[in-house]
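A short worksheet on the structure shown next.
Rule-based calculations on the coordinates, nothing more; no lab input. Quantities reported herein were computed from a predicted structural model and do not represent experimental measurements. All Cβ positions, even for glycine, are placed from backbone atoms using ideal geometry, and neighbour counts span all protein chains on display.
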Amino acid sequence: MEGVNELAYRPLTAVVLAAGEGTRMRSATPKVLHRLCGRPMILHVLDRLVELPLARIVIVVGHGAESVTKTVQEQLATEIPVEFVEQRFQRGTGDAASVGLTGSSFDLDGEDDVLVLTGDTPLLRADTLAALATEHRLADAAATVLTAELDDPTGYGRIVRDGRGNVDRIVEQPDANDAELGITEVNSSIYCFRRGLLAPALRRLDPENAQGEYYLTDVIGVLRATGHVVVGAHADDATETLGVNDRAQLAAAEAVLRRRINRYWMREGVAMTDPETTYVDASVDLEPEVRLLPGTILAGRTAVGARSVIGPHTRLVDTIVGEDTIIEQTVARETEIGDRVTIGPWVSLRPGTRIAAGAHVGTFVETKNADIGEGAKVPHLAYVGDAEIGPGANVGAGTITANYDGRTKHRTKIGRDARIGSNTVLVAPVEVGDGAYTGAGAVVSEDVPPGALAKGVPARIEEGWVDAHRGTDEDDEPR
Ligand code: UD1
Ligand code: MG
């Protein structure tokens, strides 16, 4: 395969078709914004495109134009100029390509090649696109179409070749006859065109077909009929050309991407007990010797430091984890976790939680907007919200920070090395000083000075109460 840099000798521009509604998704979200491994579909296409030495990228938007444009502008990192043009009415891929060529950045007399692709093929690789453009140029073709052999070609346009094996035309599924339906070589919707030849060919399209649309695919037949060279280039890996039109295809494409991501991280030294049940978003960052146990989901801007062990059955969203940390059976969002921390099982860490090095958060604990100091322990059954727990402090089982008075939230502060007795209710705003203690069951609504003990509600003993109140044996039956 020719290298990517081979392409630099003639300007190459890309037109990405992304104006369609995606009716088959049955969704209010524009199709190209549906996510795979946390990243919108069109971004997967664009991420690969920007690896090529392109002069510019034109994106044809229409359905949900505003949100598609905004998403790309916010999430695409590239130096390549990107332009958006609007296709007002979705009259087919041929019409969309024509609209794409009206992009103001096109130099009208320029002799360049145009890569035309759709926003719904998220599994593409940059090397495949580079090879397509190279093959196009070597053959000095008017058009080169990337094709794939599929066991089940249902739904795709079929590549019709002539007696000499040259691509003659493309026929869409609804327009195909029985013989054509039997063709297993399909159109990937990824093409390279000589722009000077594409524009006039597009003007010759008509919507006389089963769907009443201007088909970009018809350009192939038009170019052939006018004596131009059209090349059909086989994709080495047919999965790369998978088009996503419905939710089943979305799930299938996501599964392929997920496997790619997992293979990448395993090569980087990440251990996965069961890659099939390990879900790592495209935006996640992992250090070598991280271990991911079954049922682990790492989403958004999550990062995990070296040798940390995550899972089983743990979901981390936008969460930063330090080194040598162990997290099991936990859900965490927008949380920062330091080195050598142990968390779980069955913990819910909500946004704004920060857990410093060496701390422990144990079974059935919920935290929110909480700073847990170095070496502090919240081992069991607690709610810690809008709170700061000092280094070395120990929070007993059943402790609650009562942070909400029915109207506003208030903060609780627990000092360094403080000991909070089991079942303490800390009625915020309240502060427990450094080294202070609270007794079991205390309801603390006043600040506790450093070194003090806050005792509350001791049970009153009533000697002989049971005998005095015992009724007949019948009343004693268990209820
Ligand atoms: C298209 C091809 C088919 C190919 C398949 C590969 C045509 C006529 N058919 O079919 O041969 O096998 O892709 O995945 O080209 N779009 C617009 N404006 C429109 C219509 C569509 O921008 O007016 C965009 C869509 O947003 C989408 C892309 O073009 O990203 C392709 O449209 P889609 O409806 O998915 O075409 P397919 O039926 O998949
Ligand atoms: Mg499609």
- Note on the structure: Fewest to most Cβ atoms within 10 Å: Asp236, Asp140, Asp318 sort as Asp140, Asp236, Asp318
- Query: What is the dipole size for the chain, taken about its Cα centre, with +1 at each Lys and Arg Cβ and -1 at each Asp and Glu Cβ, in debye to the nearest 20?
  - Reply: 600 debye
- Under 20 Å Cα to Cα from Lys368, which aspartates and glutamates show up? Leave out anything in the same chain fewer than 8 places away. Asp318, Glu328, Glu334, Glu336, Asp339, Asp386, Glu388, Asp405, Glu431
- Any DSSP H helix in the chain with Cα axial reach of 20 Å or more and mean Kyte-Doolittle score of at least -1.0? Listed by number, the hits are 247-267
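Based on other C-beta atoms within 10 Å, arrange Trp265, Trp346, Trp465 from fewest to most.
Numbers: Trp265 22, Trp346 17, Trp465 9.
Going from sparsest to densest Cβ surroundings: Trp465, Trp346, Trp265.
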- Message: Cross-link candidates for Lys455: which aspartates and glutamates have Cα within less than 14 Å, leaving aside residues fewer than 8 places away along the same chain?
- Response: Glu446, Asp447
- Task: Show which lysines lie in cross-link reach of Lys31 when reach means a straight Cα distance below 27 angstrom and same-chain residues fewer than eight apart are skipped.
- Result: Lys70
- Query: Counting other C-beta atoms within 10 Å, which of His34, His410 has the fewest, and how do the rest follow?
  - Reply: His410, His34
- Task: Indicate the gyration tensor shape class of the stretch 53-101 (rounded, prolate or oblate), computed on the Cα atoms with a ≥ b ≥ c the square roots of the eigenvalues: a/c under 1.5 is rounded; otherwise a/b larger than b/c is prolate and the rest oblate.
- Result: oblate
- Can you bin the chain into rounded, prolate or oblate? Criterion: square roots of the alpha carbon gyration tensor eigenvalues sorted a ≥ b ≥ c, rounded for a/c under 1.5, prolate for a/b above b/c, oblate for the rest. prolate
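Quick one: work out the % antiparallel among DSSP beta bridges in the chain, nearest 5.
15 percent
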- Message: Defining a contact as two alpha carbons under 8 Å apart and six or more residues distant in sequence, what relative contact order in percent does the stretch 326-479 show?
- Response: 12 percent
- If a/c stays under 1.5 just call it rounded; otherwise compare a/b with b/c (prolate if a/b is bigger, oblate if not). Do that for the stretch 253-313, with a ≥ b ≥ c from the square roots of the Cα gyration tensor eigenvalues. rounded
